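Here the structure comes first, spelled out in structure tokens, and everything after it is commentary.
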Amino acid sequence: MATQAPTGSRAITPRSGGTRAKGGDTDRARAERNLGIKLAAPAAIIMLLVTAYPILYAIYLSLFRYDLRTPELNEFVGLSNYVLVLTSGVWWQAVLSTVVITVFSVLLELVIGLAFALVMHRAIFGRRSVRTAILIPYGIITVIAAFAFRFAVSPDTGFIGSLNPLGGQIGSYITIILTEVWKTTPFMSLLLLSGLATVPEEMQEAAKVDGATASQRLFKVTLPNMKGAILVALLFRTLDAFRIFDTVYVQTAGALKTQTISGLGYNALISRVNLGLGSAISMLLFLMIIAIAFLFVKGFKTNLGTVKGAG
Amino acid sequence: MRRRTGLLLAALTIAPLAGCGSGSDTAAGGAPIVNWYIGNESWLPDVISACNAKAGGKYELKAESLPTNPDSQREQLVRRLAAKDSSIDLIGMDVVWTGEFAQAGWITPFAQGELTTVGSADKVLKGPFESAQTEGKQYGAPLNSNTRLLWYRKSKLGSEPVPETWDQLLDTAEKLGTKIQETGKRAESLVVFFNALEESAGGHIVTTNPDGSTQVDLPEQPTLKALDIMKRYASSSTAPTALSTSAEDDNRLAFESADSDSTFMVNWPYVYPSVLEADPELAKDYGVAPYPKVTPDLPARAPLGGYNLGIGAYTKDRAAALAATNCLTEPDQQRTIAITGGQPSVLRELGDDPKIKEKLPFLPLMTKQLEDAAPRPVTPAYNDISLAVRQVLHPMDAIDPPTTYPALRDLLERALKSQAVL
């Protein structure tokens, strides 16, 4: 699972390089491009070395029956691990719950994160304190945040324990999503804040002179001009949220149909040491992450090159 | 300059490794260290110092504490054993891991006569002894045992008779308008519950064929009856509100509080030493009865818990680990474990021990129950079986016997071949 962390950024790098090459080809642009490639190359090569090997090894393992508890039965089985996973109801249930958690938590984070970003951007006094206050949850480890919320809602220790949300399915989802939102909204708002800073003040002034209301200025001027930043924020958070593991593990351990794809991978790889099946699950998660990144970049019809230029 | 930095780096990298290699094998006095991986138990310091004193420098037993949750304990052990960790000399295994560890080759069997106290069926209670056997060999040295009992509050039960079957238990609790504390969390305890009901109803989850292979058993009538009881309990007024998230200790706390709304609890015996310490007056109100039957004409087969000791397959000093095993399973140490931890001994000779009875007055009842307790399935895929049972049977109030039964069978069949996504 850990090996997949850099995939998001890896999926982006070649794209931005490619789109830039199509742009104007003045000598200066070409020189800048070459310098860019030279500067980025060492990092890219190291990343390939440390991520390519585990990924290739996982692909290799996923084609075997490879269970450490029964070593004598290990053999090449082709794609049958993938068939086992894709024909299993438990897998599709996990896909569904992962999607539900991802969609709701990322949407809430976007809305609240944007509000926080506007507050941080427009704060007149105490700007530093405001920013610090907003960023505190992001400095707390996810496992600790997950435990804090679990204790808050459990019947014996919690202040809203009498409702026992983790005893029911909807309550469990709400608790998990709220924990995620509380924990990562600051990250979202930080990314959005950097986008807000790129919207030229003159545009706001001009809109104001033309008689635009505050909401018109937000939706017609501010947001369209920070599309790139929103894309980056959504992409990062979606890729992260889709691999959610710790919050669910701590709060429900996958009970009440809240099991996520990462949770299935953990059970297969760590608890059952069935490396073949577990690698197949990890590879499928990996492919879904790539697909999400691809759809995002296509769907927003923006290229990250211009985001970088603007920022 | 450059070379010197390189040397320094090399020295820094190797130094800790070297320290590790020599340090973990022998103690200061030259005695070989026996690393014992086991969950943190209250009786550990006592039995360890007793055995180290007896060893007289032949070995030094050292506890390596595992996490508190049994699932996490197993995960850590499995990970290290699969990587052939030679620092694991002795393992405190939950009885259900014995089959899995043995067939994976992570522990070595005891030869005839190697075990001085717990190596023969006539000295050890039947349930614990069978839990240590795999494919005709003894892989585990039973250290202590455990079984669940039916606890009740005498003052709340009043003149009602003590229930003997699950149906009577549910009827009585409903009549009194009180709760029954039992575990419902998606954890191993749910498998313990289901296995005991299945076995008491006359079925098994898994059976072993004469050639050593295993297959899903689950005969229809007993399984439907077992599922029916779980369903009836979970959807009745006798189920605690937080049933789907409650574990053994939640049950204990809910039952132990003075204003408890529960008349009954099904739990391990540690609840008694616990209440004795918390509120000795309240302890007098605690009544105890055998684990309930499923049908009046079949004996109850109560859950079986406890530790088996296993010797790690990659240990560098098997003889020292064996000596430690023999010391730990002696009657003296088993008595300490029973008195301090409330976990009964596996030895027949201690089945009526006066010193233990002083602390655990219900000892004879437990001893009798342990003779025909229900071991959980012995298979290398036990963990898969356990995850599959939890997957299908949680939450219990969603069980619908006619549809749950085929679903459970289907998932278990795949789980037994370790081919289920869980």
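Here is the figure for segment B:358-416: residues that are assigned to a loop (DSSP other than H, G, I, E, B), open to solvent by 30 Å² or more (accessible area, probe 1.4 Å) and over 30 Å from B:Ala289 (Cβ atoms) total 1. State whether the residues of segment A:175-185 include one that is away from chain B (no Cβ under 14 Å), modelled with pLDDT under 90, in a helix (DSSP H, G or I) and open to solvent by 30 Å² or more (accessible area, probe 1.4 Å). No; the residues of segment A:175-185 include none that is away from chain B (no Cβ under 14 Å), modelled with pLDDT under 90, in a helix (DSSP H, G or I) and open to solvent by 30 Å² or more (accessible area, probe 1.4 Å). Is it true that A:Phe104 is in a helix (DSSP H, G or I) and open to solvent by 40 Å² or more (accessible area, probe 1.4 Å)? It is true that A:Phe104 is in a helix (DSSP H, G or I) and open to solvent by 40 Å² or more (accessible area, probe 1.4 Å).
Could you please give the count of residues in segment B:373-422 that are within 12 Å of another protein chain (Cβ to nearest Cβ), of a type outside the set (A, V, I, L, M, F, W, C) and closer than 17 Å to B:Gln221 by Cα?
If we filter segment B:373-422 for residues that are within 12 Å of another protein chain (Cβ to nearest Cβ), which is where we start, we get B:379-388, B:390-398, B:407, B:410-411, B:414-422.
Checking the rest, the ones that are also of a type outside the set (A, V, I, L, M, F, W, C) come to B:379-380, B:382-384, B:386, B:390-391, B:394-395, B:397, B:410, B:414, B:417-419.
Still in the running and closer than 17 Å to B:Gln221 by Cα: B:410.
Final tally of qualifying residues: 1.
Criterion applied to B:Asp317, B:Asp285, B:Asp259 was being within 30 Å of B:Glu60 (Cα to Cα) and over 22 Å from the mean Cα position of the chain (by Cα), and the one residue passing it is B:Asp317. Within segment A:71-97, the residues that satisfy the criterion of being part of a helix (DSSP H, G or I) and hydroxyl-bearing (Ser, Thr, Tyr) are A:Ser80, A:Tyr82, A:Ser97.
Residues are listed down the side, and each one gets a yes or a no for (1) within 14 Å of another protein chain (Cβ to nearest Cβ); (2) farther than 29 Å from B:Ser189 by Cβ:
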{"position": "B:Val47", "(1), (2)": "no, no"}
{"position": "B:Gly57", "(1), (2)": "no, yes"}
{"position": "B:Ile88", "(1), (2)": "no, no"}
{"position": "B:Ile91", "(1), (2)": "no, no"}
{"position": "B:Trp97", "(1), (2)": "yes, no"}
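Would you check which residues across segment B:237-252 are open to solvent by 20 Å² or more (accessible area, probe 1.4 Å) and more than 14 Å from every other protein chain (Cβ to nearest Cβ) and list them? Passing the criteria: only B:Ser237. Are any of the residues in segment A:53-72 modelled with pLDDT under 90 and of a type in the set (Phe, Trp, Tyr)? There is at least one residue in segment A:53-72 that is modelled with pLDDT under 90 and of a type in the set (Phe, Trp, Tyr).
Determine, yes or no, whether B:Thr223 is more than 14 Å from chain A (Cβ to nearest Cβ), touching a helix residue (DSSP H, G or I) at 6+ places or on another chain (Cβ under 7 Å) and more than 20 Å from B:Glu413 (Cα to Cα). When the stated conditions are applied, B:Thr223 does not pass them.
Give A:Gly168, A:Gly161, A:Gly195 a once-over and let me know the one that is within 14 Å of chain B (Cβ to nearest Cβ), open to solvent by less than 20 Å² (accessible area, probe 1.4 Å) and either closer than 30 Å to A:Arg122 by Cβ or more than 23 Å from the chain's Cα centre (by Cα) (or both).
Numbers: A:Gly168 fails: open to solvent by less than 20 Å² (accessible area, probe 1.4 Å); A:Gly195 fails: within 14 Å of chain B (Cβ to nearest Cβ).
Only one candidate passes the filter, namely A:Gly161.
Of the residues making up segment B:67-85, just one is more than 10 Å from chain A (Cβ to nearest Cβ), open to solvent by 20 Å² or more (accessible area, probe 1.4 Å), closer than 15 Å to B:Ile107 by Cβ and assigned to a helix (DSSP H, G or I), namely B:Arg80.
Could you go through segment B:101-113 and let me know if any residue there is modelled with pLDDT under 90, within 14 Å of chain A (Cβ to nearest Cβ) and crowded, with 24+ Cβ neighbours inside 10 Å. There is no residue in segment B:101-113 that is modelled with pLDDT under 90, within 14 Å of chain A (Cβ to nearest Cβ) and crowded, with 24+ Cβ neighbours inside 10 Å.
Counting only residues that are charged (D, E, K, R) and in contact (Cβ under 8 Å) with a residue 12 or more places away in the chain, which one in segment B:285-321 is surrounded by the most Cβ atoms within 10 Å (Cβ to Cβ)?
B:Arg301
Summed over segment A:51-72, the residues that are over 14 Å from A:Leu275 (Cβ atoms) and surrounded by 11 or more Cβ atoms within 10 Å (Cβ to Cβ) give a count of 4.
When the test is whether a residue is of a type in the set (Lys, Arg), touching a residue at least 24 places away in the same chain (Cβ under 8 Å) and open to solvent by 20 Å² or more (accessible area, probe 1.4 Å), A:Arg243 passes it.
The values are calculated or read from the model by the stated rules, or taken from the named source; none is laboratory data. Here the structure is a predicted model, which means the values were calculated and not measured. No Cβ is skipped: glycine too gets one built from the backbone with ideal geometry, and neighbour counts run over all protein chains shown. Note: accessible area is taken over every heavy atom of the protein model, side chains too, but ligands, DNA and RNA are not part of it. Shrake-Rupley method; radii C 1.70, N 1.55, O 1.52, S 1.80 Å.
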